[in-house]
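One structure below.
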């Protein structure tokens, strides 16, 4: 996401932050969030909120601590007013809404990061967006490799054959270095997948080559290790050529931080987010 877009979205989200007097806890109104996330109809946005509440329940978190119904007076014409339903949301509630909303909307993709952290500093937002890009790329590669494994198993290739096919693909992508050699070069433990230590651009490249292989294996009804290996090797070589043309040699890029550690860091941050963003109890009142 480009820096100017990040700044623009950041300003939009910052403009709708509210504070509870006396304790500084942040909250947001669902009606205001709806507009920024690009939802025109309240009814459709309510469906997203309902899914977010269910996610909250599934995590065994009290919904009323993060979603609180409230009425709001609005002008409907000729200075007349009427009350409409609204919902007070914590940062965690907004995070869940962003996770359950349409991620193809650019504001939603940004919101998933914006609400995941307890700061609105631009440089930290940019770092978090980069982290999310890498985590998403790794998840996509897992899915495409799982699909490839299933596809080739149906076409007479066992698990060992899948390993050989994937290694041949790595050999083509990394300029003649096989998976084992790249693990040794980058200091990756033998028991761990190489992709867990690759930068986003390389993970994305591996995923593209694998997706093409999946498509062509099904499209051309390829069978047997020899033919599928040839297909996967060519796809990785083609992707490598694109990278090299743009001045990127995958085998020369430094390793990235262990993605499993990053995933644990994200989960830890979510727990902190839940704890610190809960709405205060209303004495003698109804939290619902």
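Derivation of every value follows stated rules applied to the coordinates shown; laboratory data play no part. Nothing here was measured: the structure is a model prediction, and the numbers come from that model. Reconstructed Cβ throughout: ideal geometry from the backbone, glycine too, with neighbour counts over all protein chains shown.
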| said: Contact order normalised by length for region 156-288, with contacts defined as Cα pairs under 8 Å and 6 or more residues apart; what percent is it? | reply: 32
| Gaussian network model of the chain, Cα springs within a sub-10 Å range: biggest mean-square fluctuation belongs to which of 227, 45, 115? | 227
| query | Counting pairs of alpha carbon atoms under 8 Å apart in space and at least six apart in sequence, what relative contact order in percent does the chain give? | reply | 20
| query | Using 7 Å Cα-to-Cβ label points, what is the residue 69/residue 129 separation (nm, one decimal)? | reply | 3.7
| request: Just subtract the alpha-carbon distance of residue 164 and residue 57 from 0.36 nm times their residue separation and send over the number in nm, one decimal. | output: 34.1 nm
| So how far apart, in nm, are the two label points at residue 8 and residue 261 if each is 7 Å from Cα heading toward Cβ? | 3.7
| remark: If the chain between residue 139 and residue 271 were fully extended at 0.36 nm per residue, the gain over the current Cα-Cα distance would be 45.4 nm
| field | Estimated FRET transfer efficiency when R0 is 25 angstrom, pair residue 150-residue 178 (beta carbons, to 0.05) | value | 0.60
| field | Max mean-square fluctuation residue, GNM over the chain, Cα-Cα springs under 10 Å, options 161, 169, 247 | value | 247
| What FRET efficiency would be calculated for the residue pair residue 15, residue 84, taking the C-beta separation as r and a Förster radius of 25 Å, to the nearest 0.05? | 0.75
| For the pair residue 106 and residue 253, what calculated FRET efficiency results from E = 1/(1 + (r/R0)^6), where r is the Cβ-Cβ distance and R0 = 35 Å, to the nearest 0.05? | 0.80
| message | Taking the Cα centroid of region 1-53 and of region 94-165, what is the distance between the two, rounded to the nearest whole Å? | response | 22
| message | Using a Gaussian network model on the chain with a 10 Å cutoff between Cα atoms, which of 50, 21, 11 fluctuates the most? | response | 21
| field | Estimated inter-spin distance, residue 242 and residue 190, nm [label 7 Å along Cα→Cβ] | value | 3.5
